[in-house]
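*Asks:* I have a structure I would like to understand better, so I am pasting it below and will then ask my questions one at a time.
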Amino acid sequence: MFDFSTVTSWIHAWLTSLMPSGVAVFIECVFVGIAILVMYAIIAVIMIYMERKVCAAFQCRLGPNRVGPFGIFQLFADIIKMLIKEIIVIRHADKFLYNLAPYIVIVASVLAFSCLPVGQGLEILDFNVGVLFLLAASSIGVVGILLAGWSSNNKYSLIGAMRSGAQMVSYELSVGISILTIVVLTDTMQLSEIVARQTDGWFIFKGHLPALIAFVIYLISGNAEVNRGPFDLPEAESELTAGYHTEYSGMHFGLFYVAEFVNLFIIAGISATIFLGGWMPLHIRGWEGVNAVMDYVPGFVWFFGKAFFVVWLLMWIKWTFPRLRIDQMLALEWKILIPAGLVNLLVMTACVVFGWHF
């Protein structure tokens, strides 16, 4: 499988041969930042279009089909409309925090997005404590949501923000426990190293039952953490009109809207990285011919294929199950998922200590 680190090393060597090392590093950081933002925007566009089409398919509808072929340009029309819409100033709102909140949410989303290892040598933020950094970066978003609800001077926004804060803080525990189960199995928190340990098989297959249980718990809790149905209580239209972003308009609302969809991709990308082998191809023991063919598929194709498969799975869940009540949602987390995750973590620890895993 091609290692993109050879390309990045060549670019760095070429730049340092033309200019001082500090200037070369600065230029590289600028280009990496631009690449992250461009990729972030492209993923957001794909996710919004995919959501509309998948939703339509489950409801026996066509979805966008008028503006452009297959309705592709409908999304760009909506983006232009959102960009030119007026940002309404709310009277008696805390203007500084009201304007700051959507940027906190988008910064947290971009930081978490930057941690995804797209391919071998295509890791932007790859620390030896990458899992810890990823969990910390993704947790910042709840601050922006709480600020948005409180600063809007609207009781519906405040209730939606409080619901979202309680939901995200609660379900982050199950997300962390699920990821910690694989950290115990691999003995590393570096995401690229976790992917490398799956060369001879993805953890969902070779991690025994605890890895499969952790995968299921992660999908449920990750879906809840990004406020997706059936856990979209913070945005319950029938109760709260729109939730924590009720008073937002124009591009400020657009930032919340985009961050929600990309956060869904981040959850799917982490799932693909930790449980489904990341950029690693599918290898089956004894099927050397098939394995050789699989190796020809580029790593980033494997990563995006797995990530979008998980996205489709989460969208299937959203458009299949009815919305839960707030008490049911919190009871599911504290009475079922956390105890099951802790027991599963203990079983995985026993498997590692006694060498019961593959």
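The values are calculated or read from the model by the stated rules, or taken from the named source; none is laboratory data. Since the structure is predicted, the reported quantities are computational estimates derived from the model, not experimental observations. For neighbour counting, all protein chains shown are included, and Cβ atoms are generated from backbone atoms with ideal geometry for every residue, glycine included. Side chains are part of the model used for accessible areas, which takes the heavy atoms of the whole protein and leaves out ligands, DNA and RNA. Shrake-Rupley method; radii C 1.70, N 1.55, O 1.52, S 1.80 Å.
*Asks:* Just to be sure I follow: if Rg is taken over the C-alpha atoms of segment 54-173 and Rh is the Kirkwood radius over the same atoms, what is Rg/Rh?
*Replies:* Details: Rg = 18.7 Å, Rh = 17.5 Å.
Here the Rg-to-Rh quotient is 1.07.
*Asks:* If Lys and Arg each add +1 and Asp and Glu each add -1, what is the summed charge of the other residues whose beta carbon sits under 14 Å from the beta carbon of Asn65?
*Replies:* Neighbour charge sum, excluding Asn65 itself: +4.
*Asks:* How would Tyr248, Tyr257 line up by accessible area, probe 1.4 Å, largest first?
*Replies:* Values: Tyr248 15, Tyr257 70 Å².
I get Tyr257, Tyr248, largest accessible area first.
*Asks:* Which whole-Hz couplings ³J(HN,Hα) result when phi for each residue of segment 283-299 is put into the Karplus expression 6.51 cos²θ - 1.76 cosθ + 1.60, θ = phi - 60°, listed in order with x for Gly and Pro?
*Replies:* Listing the rounded values in order: 10, 10, 4, x, 9, 5, x, 5, 4, 5, 5, 4, 5, 6, 6, x, x Hz.
*Asks:* Keeping all protein chains in the complex and leaving out DNA, RNA and ligands, what accessible area do you get for Ile159 with a 1.4 Å probe, in Å² to the nearest 10?
*Replies:* So the heavy atoms of Ile159 present about 80 Å² to solvent.
*Asks:* Where the centre of each part is set by its Cα atoms, how far does segment 333-358 sit from segment 143-219, in angstrom?
*Replies:* Rounded to whole Å, the Cα centres lie 16 Å apart.
*Asks:* Also, I was wondering about something else. Under a 1.4 Å probe, what is the accessible area of the chain per residue, stated in Å²?
*Replies:* Numbers: 17420 Å² over 358 residues.
Spelled out: the 1.4 Å probe surface of the chain, per residue, equals 49 Å².
*Asks:* Figure the gain on full extension for Arg285 and His208 (residue separation times 0.36 nm, minus the Cα-Cα span) and round it to one decimal in nm.
*Replies:* Numbers: separation 77, 0.36 × 77 = 27.72 nm, distance 1.63 nm.
Contour length minus Cα-Cα distance gives 26.1 nm.
*Asks:* Among [x] 31, 59, 11, 0; [y] 27, 57, 16, 0; [z] 27, 47, 24, 3, which is the computed P(r) over Cα pairs in 20 Å bins from 0, in percent?
*Replies:* The listed entry that was calculated here is [y].
*Asks:* Could you pull out every residue, at least 5 positions away or on a different chain, whose amide H is within less than 5 Å of the one on Asp94? Hs are placed 1.01 Å off N in the peptide plane, and Pro or chain starts have none.
*Replies:* Distant-sequence amide H within range of Asp94: Asn153.
*Asks:* Whole-Hz ³J(HN,Hα) for each residue in segment 163-180, computed from phi via Karplus 6.51 cos²θ - 1.76 cosθ + 1.60 with θ = phi - 60°, x for glycine and proline: what do you get?
*Replies:* These are the phi-based 3J(HN,Hα) values: 4, 5, x, 5, 5, 5, 5, 5, 6, 4, 5, 5, 4, x, 5, 5, 5, 4 Hz.
*Asks:* A further question follows. For segment 130-170, rounded, prolate or oblate, judged on the Cα gyration tensor with a ≥ b ≥ c (square roots of eigenvalues), a/c < 1.5 rounded, else prolate if a/b > b/c? Present the calculation step by step, with values, prior to reporting the outcome.
*Replies:* Working: a/c = 6.14, a/b = 2.39, b/c = 2.58.
Cα axes put segment 130-170 in the oblate bin.
*Asks:* Follow-up. If a/c stays under 1.5 just call it rounded; otherwise compare a/b with b/c (prolate if a/b is bigger, oblate if not). Do that for segment 1-73, with a ≥ b ≥ c from the square roots of the Cα gyration tensor eigenvalues. Let's see the in-between values first.
*Replies:* Numbers: a/c = 4.52, a/b = 3.20, b/c = 1.41.
Verdict is prolate for segment 1-73.
*Asks:* Then there's this: Can you give the accessible area of Val30, probe radius 1.4 Å, in Å² rounded to 10?
*Replies:* My reading of the accessible area for Val30 is about 60 Å².
*Asks:* Just give me a number: lysine pairs in the chain, eight or more positions apart or cross-chain, with C-alpha atoms less than 30 Å apart.
*Replies:* Close lysine pairs under the 30 Å cut-off: 18.
*Asks:* Using a 1.4 Å probe over the heavy atoms of the protein chains, calculate the carbon and sulfur portion of the accessible area of the chain as a whole percent.
*Replies:* Exposed carbon and sulfur together represent 73 percent of the surface.
*Asks:* For Ser170, tell me the accessible area in Å² from a 1.4 Å probe, rounded to the nearest 10.
*Replies:* 10
*Asks:* What shape does segment 306-358 have by the C-alpha gyration tensor, where a ≥ b ≥ c are the square roots of the eigenvalues, rounded means a/c under 1.5, and otherwise prolate means a/b greater than b/c and oblate the rest?
*Replies:* Values: a/c = 5.28, a/b = 1.48, b/c = 3.56.
Note, shape of segment 306-358 comes out oblate.
*Asks:* Along the Cα-to-Cβ line of Ile87, 7 Å from the Cα, sits a label point; which residues in segment 252-282 have backbone N less than 17 Å from it?
*Replies:* 252-259
*Asks:* Calculate one ³J(HN,Hα) per residue across segment 80-93 by plugging θ = phi - 60° into the Karplus curve 6.51 cos²θ - 1.76 cosθ + 1.60, and present them in order as whole Hz with x for glycine and proline.
*Replies:* Karplus-based 3J(HN,Hα) across segment 80-93 equals 4, 4, 5, 5, 9, 6, 6, 8, 6, 8, 8, 6, 6, 8 Hz.
*Asks:* Given only helices, namely DSSP H runs of n ≥ 4 each adding -39500 (n - 2.57), what is the per-residue ellipticity at 222 nm of the chain, to the nearest 500 deg cm²/dmol? Please list the in-between numbers first.
*Replies:* Values: 16 runs with 246 residues, N = 358.
After summing the helix terms and dividing by residue count, I get -22500 deg cm²/dmol.
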